[in-house]
Amino acid sequence: MNNRPVLLLLVFITLFITPVTVHSTPEVKEIINKANNAAYYAGDDGKAQVTMTITDSQGRQRTREFNILRRDSADGGEQQFYVYFKRPSDVRNMVFMVHKHIDRDDDRWLYLPALSLVKRIAASDNRTSFVGSHFYYEDVSGRPPLADTHELIEENDTYYVIKNTPRAPDSVEFSSYTVWVNKSNFMPMRAEYSNKTGQKYRLVEALEVKTIQGFPTVVKSRVADLLDGGETISEFSNITYNIGLDEDIFTERYLHRPPREARQ
Amino acid sequence: MKYLLAPFLVMLSCLMPQSASATLRDTLYDNYQTDFSSFIEVRNGWRTDRNQDEKNASIAEARLQLDLSTDLTWAILKLKSDFVGDLVEEETRAELRDFSISFSPLDFVDIRAGRQIITWGTGDLLFINDLFAKDWESFFIGRDTEYLKAPSDALKTSIFWEAVNLDLVYVPVFNGSKFIDGTRISYWNNLSGTIGDRTNTLRDEERNRFGNDSEFAARLSKNIDSIELAFYLYSGFWKTPEGINPTTFDLIYPRLTVYGLSVRAPVLGGIGNIETGYYDSRQDSAGNNPFIRNSEVRLLAGFEHELATDFTGAFQYYLEWKQDYDQYEQNFTGVKAADEYRHLFTVRLTRLLMNQNLTFSLFTYYSPSDHDAYLRPKASYNISDHWKVEAGGNIFIGRDDQTFFGQFEDNTNIYASLRWSY
């Protein structure tokens, strides 16, 4: 039997298909993983000064100012966060520390300097307000990609638009959320949340992105409560990556003795 | 003059523009690497029940706190002091809460020397292995919870190895807890079988001999994944005067050694903790001296869980088990003997509202064996980033006069405060 026609066909298919694969849309899972890395895992570690301006539905404003240190054990994997509060004065010098895990609940600690007390905090609900702002804990440390199923619903010149549906709907207050991921750097630029009645009620957006040490970085972001009109704007400054943070900083020792990196 | 202090402080705080305080802070930080913060507070409280010889006002004070911390590169200096105008005790006083230096002589060693607040252990407003000084009076009259912890004049050395961490605390001269002596809260006198108040306050024999009356505390701790394990040792004295000098009837602080351990870990979506300690009352090892408290086994188990968004519940069970109870009963000389077991339950409920600016909390102690309870309801509201208003109560309920919370029944009080911080 002569196999040549089959071989030619195979060669033809290979030649024809390969270029198509290269130009095609990456798997939605890959987009999500890249977006997760771009938003939460830039560099091996980093620090930033954060100012949150919280405006409630009545227009009253509060501010929160803190320094945040982050260290990655591996991209897309475990991380440690150290948040050192500077303002307002009733939370001054408090420390909030998180060991983020992938396969189990995060570990969280709160250090209250007036009592010299290291308090452990349950991390069962990640969708509660972070320090009274419209940001949730999960917005600060990232929602695990595996918590949702993802569907690419639109692709235009600038964005991949992905709809995310929670695998455990009872554990969250939304029914789904849609994320706009910038195609050039995979930075998630906008997320719209729909509640159980299908109404859009929450918007998270990157207002300003800068490239810092080669990493695209959100330097201003906003969360809006679309139902009551309240919002929180976060501004990030003094951002530095790859500062060589020691893993020891994220232990009880440094709750009692905040490291210089966190205080400055 | 001192009666004018409270309104004067409030006026001062109103007059001081925010921008001026912010500039002062920046100047201190930029030129002297000194971090500065402060608050001014007025707090008033009233007894709900006036049938005994205590003042109507449970608390009436104005307080200014200054908190300074300087980074000397090789060390950090801290100074924190309160200045109080107290209308109940009719005095003005300074309370030095922190005056310490911290440094690391070696990579893996931290030292902090001087006056400082030290805390360890896993209980929530219950303490087994935390034998550092407390101020129970502040707690019961409605000061901020910060004041439950009294400072210690101590040398704290912490050593961090790969395998374990070790904290060693040496207190050269005994720092006792501020106990209830009748000055502001009345108490049960088990010798006379009556309630004592400010007309017959308790006297204690101070332990103040350098070296001889020193305390030593150690903690060996280790984290295994998310589980926190710790072993404790304390060698010193009962922190409240749990003995009586039979000749003078003054209260004394008998010798005490405590061995303990604790475990804290995430469990069932919340945080669980277990802590235990053996209280060896060394001056009454056999338990037959009626003037000194017997040895005890203490145990607590707790669980905290988020009940709903911004709503947290916590539960604890706590046990005090008197050792050598037969000896205690045979030799008891007072009016009413205590039970062999004191069981205690606590429940804490915390609800945050209005972007977490409004907090309602209730902490309840309830003892089924003593038939008494202590409730601490509190509401606080952050009016702005600088102003905070708070109101709460200390409610004591008891069937009998001799039980721990029952003796305070006539001291039930409510309070309100206003604080300006910057």
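Exactly one condition in (1) within 13 Å of another protein chain (Cβ to nearest Cβ); (2) surrounded by fewer than 21 Cβ atoms within 10 Å (Cβ to Cβ); (3) more than 12 Å from the chain's Cα centre (by Cα) is not met by residue B:169; state its number.
Result: residue B:169 passes all but (2).
Starting from the stretch A:230-253, take each residue that is more than 14 Å from chain B (Cβ to nearest Cβ) and list its partners that are among the charged types (D, E, K, R) and not in a strand (DSSP E or B), counting only C-beta distances under 7 angstrom and pairs at least six apart or across chains.
Going by the 7 Å Cβ cut-off, the qualifying pairs are A:242/A:44; A:243/A:261; A:245/A:261.
Which pairs have Cβ atoms under 9 Å, sit 6 or more apart or on different chains, and link a residue in the stretch A:52-64 that is closer than 10 Å to residue B:355 by Cα to one that is basic (Lys, Arg)?
A:54/A:60; A:54/A:62; A:54/A:64; A:55/A:62; A:56/A:62
Under the condition of being in contact (Cβ under 8 Å) with a residue 60 or more places away in the chain and assigned to a strand (DSSP E or B), which residue from the stretch B:45-85 is nearest to residue B:109 (Cα to Cα)?
B:85
Please go through (1) under 23 Å from the mean Cα position of the chain (by Cα); (2) surrounded by fewer than 17 Cβ atoms within 10 Å (Cβ to Cβ); (3) away from chain A (no Cβ under 14 Å) for residue B:406 and return the number of the only condition it doesn't satisfy.
Checking residue B:406 against (1) under 23 Å from the mean Cα position of the chain (by Cα); (2) surrounded by fewer than 17 Cβ atoms within 10 Å (Cβ to Cβ); (3) away from chain A (no Cβ under 14 Å), the one that fails is (2).
When you go through A:185, A:195 one by one, which is the residue that is within 16 Å of the chain's Cα centre (by Cα) and in contact (Cβ under 8 Å) with a residue 12 or more places away in the chain?
Sole residue among the options that is within 16 Å of the chain's Cα centre (by Cα) and in contact (Cβ under 8 Å) with a residue 12 or more places away in the chain: A:185.
Which one of these does residue A:201 not meet: (1) touching a Pro at 6+ places or on another chain (Cβ under 9 Å); (2) buried (at least 16 other Cβ atoms within 10 Å of the Cβ)?
(1)
Quick one: would you say residue B:121 is within 11 Å of another protein chain (Cβ to nearest Cβ) and in contact (Cβ under 8 Å) with a residue 60 or more places away in the chain?
It is true that residue B:121 is within 11 Å of another protein chain (Cβ to nearest Cβ) and in contact (Cβ under 8 Å) with a residue 60 or more places away in the chain.
Conditions tested, residue by residue: (1) more than 21 Å from the chain's Cα centre (by Cα); (2) of a type outside the set (Ser, Thr, Tyr); (3) surrounded by fewer than 16 Cβ atoms within 10 Å (Cβ to Cβ).
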position	(1), (2), (3)
B:271	yes, yes, no
B:296	no, yes, no
B:304	no, yes, no
B:309	yes, no, yes
B:313	yes, yes, no
B:322	yes, yes, no
B:325	yes, no, no
B:329	yes, yes, yes
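Considering only residues that are among the β-branched types (Val, Ile, Thr) and more than 10 Å from chain A (Cβ to nearest Cβ), look in the stretch B:352-388 and name the one that is farthest from residue B:302 (Cα to Cα).
Out of the qualifying residues, it is B:359.
Residues that are farther than 30 Å from residue B:147 by Cβ, at least 1 per element: which strands (runs of 3 or more DSSP E) completely within the stretch A:19-113 meet that?
A:45-55, A:61-72, A:79-87, A:95-100
Could you tell me which residue of the stretch B:26-59 is nearest to the chain's Cα centre (by Cα), considering only residues that are more than 26 Å from residue B:382 (Cβ to Cβ) and within 14 Å of chain A (Cβ to nearest Cβ)?
B:34
Read through the list (1) buried (at least 17 other Cβ atoms within 10 Å of the Cβ); (2) among the small types (Gly, Ala, Ser); (3) within 15 Å of residue A:133 (Cα to Cα), then give the number of the only condition that residue A:229 fails.
Status for residue A:229: all satisfied but (1).
State which residue is nearest to the other protein chains (Cβ to nearest Cβ) when the search covers only the stretch A:103-124 and only residues that are under 28 Å from residue A:29 (Cα atoms) and surrounded by fewer than 20 Cβ atoms within 10 Å (Cβ to Cβ).
Filtering the stretch A:103-124 for residues that are under 28 Å from residue A:29 (Cα atoms) and surrounded by fewer than 20 Cβ atoms within 10 Å (Cβ to Cβ), the one nearest to the other protein chains (Cβ to nearest Cβ) comes out as A:124.
Quick one: how many residues across the stretch A:87-102 are facing chain B (nearest Cβ under 9 Å) and either within 24 Å of the chain's Cα centre (by Cα) or among the acidic types (Asp, Glu) (or both)?
Selection size over the stretch A:87-102: 4.
Conditions first: (1) among the polar types (S, T, N, Q); (2) over 16 Å from residue B:322 (Cα atoms); (3) in contact (Cβ under 8 Å) with a residue 60 or more places away in the chain; (4) out of contact with any helix residue (DSSP H, G or I) (no Cβ under 9 Å at 6 or more places or on another chain). Residue B:276 passes all but one, so which condition is the exception?
(2)
Matching residues to (1) more than 23 Å from residue A:71 (Cα to Cα); (2) under 15 Å from the mean Cα position of the chain (by Cα):
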residue: A:141; (1), (2): no, yes
residue: A:145; (1), (2): no, yes
residue: A:164; (1), (2): yes, yes
residue: A:176; (1), (2): yes, no
residue: A:204; (1), (2): yes, yes
residue: A:217; (1), (2): no, yes
residue: A:220; (1), (2): no, yes
residue: A:223; (1), (2): yes, yes
residue: A:227; (1), (2): yes, no
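Readers should treat all values here as calculations from the given coordinates under stated rules, not as data from a laboratory. Worth saying up front: this structure is predicted, and the values here are computed from it rather than measured. Don't worry about glycine lacking a Cβ; one is built from the backbone with ideal geometry, like all the others, and counts go over all protein chains shown.
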